[in-house]
Amino acid sequence: MIQIHEVTKQFKDKKKYVTALKHVSFNVAKGEVLGLLGENGAGKTTLLRTIATLLTPSEGSVTVGEYDTLKNPNEIKKRIGVLFGGETGLYDRLTARENLEYFASLYGLGKHETKVRIDDLTKMFGMRDYLDRKVGGFSKGMRQKVAIARTLIHNPEIILFDEPTTGLDITSSNVFRQLVHQLKREGKTIVFSSHIMEEVSLLCDSVAMMHKGELVYNGNLEALYKSEGSRDLNFIFMSKLVRGGNHYAS
């Protein structure tokens, strides 16, 4: 479903170039939930933005479904839902409902389908009490719920989440986890970054671990536990960073 091949991304910083991604390669199968792990600055968000066609790779290629991100970005955008950490993409002067209606219209949803989707997502995230209030006065957690609903409004095949439970309380985080399980049952393909190891352990089929722009491990989570002789993902992650090197990726 997603094929990342030898992707390198460089940014120009004054007179020098900074390499955010270094020859990253791995695949994500249809219906798979992949957790993207790494410290701040490891390249996770850059990679997600590249998959979402918001950034162009300096080298290499990314294919989403049957489409190349450089040749068919608009086709990819129709099929993905994206939520980046700290960027809810909501309009403060509009109510939550109006925000969702607006984004639904961008994806070409009709009025009836939009109403059904909003009703379903409102119930799922417990947003009924503030659905018709302006987003500008929302708490961080409330905004995050609406942002997740905005990401899913068009029922995308592929979903990219960057730190999706940031700002959510325990109850809302559990709702999100139940949502991921539901989306997986529906055959959705999900890639999400997280600092919460328990969340990754509970939700993911596989993981991709990154360090300073390089892939240090990619593979099935259960196979990783078996090979490391431990189910402590935090310990395994730190161990991988100490060892480092692309030769640990599989």
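The values are calculated or read from the model by the stated rules, or taken from the named source; none is laboratory data. Nothing here was measured: the structure is a model prediction, and the numbers come from that model. Don't worry about glycine lacking a Cβ; one is built from the backbone with ideal geometry, like all the others, and counts go over all protein chains shown.
Key figures for this structure:
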| item | result |
| --- | --- |
| Residue list for the range 164-182, restricted to those being in a loop (DSSP other than H, G, I, E, B) and crowded, with 19+ Cβ neighbours inside 10 Å | 164, 165, 167, 168 |
| Residue count, the range 85-111 (criterion: part of a loop (DSSP other than H, G, I, E, B) and of a type outside the set (A, V, I, L, M, F, W, C)) | 10 |
| Hits in the range 88-107 - residues which are in contact (Cβ under 8 Å) with a residue 40 or more places away in the chain and not polar (S, T, N, Q) | 89, 90, 91, 92, 93, 94, 96, 100, 103, 104, 107 |
| Answer from 175, 135 - the residue that is farther than 23 Å from residue 195 by Cβ and hydrophobic (A, V, I, L, M, F, W, C) | 135 |
| Breaking point among (1) farther than 19 Å from residue 156 by Cα; (2) more than 20 Å from the chain's Cα centre (by Cα); (3) at pLDDT 95 or above, for residue 99 | (1) |
| Answer from 50, 63, 114, 56 - the residue that is at pLDDT 95 or above and in a loop (DSSP other than H, G, I, E, B) | 56 |
| Count - residues of the range 148-186 that are touching an Asp or Glu at 6+ places or on another chain (Cβ under 8 Å) and either charged (D, E, K, R) or under 25 Å from residue 112 (Cα atoms) (or both) | 1 |
| Residue, surrounded by the most Cβ atoms within 10 Å (Cβ to Cβ), within the range 184-230, restricted to residues that are of a type in the set (Phe, Trp, Tyr) and more than 13 Å from residue 161 (Cα to Cα) | 217 |
| The range 18-41: number of residues that are surrounded by fewer than 23 Cβ atoms within 10 Å (Cβ to Cβ) and not in a strand (DSSP E or B) | 7 |
| Residue list for the range 115-135, restricted to those being surrounded by fewer than 17 Cβ atoms within 10 Å (Cβ to Cβ) and not charged (D, E, K, R) | 116, 126 |
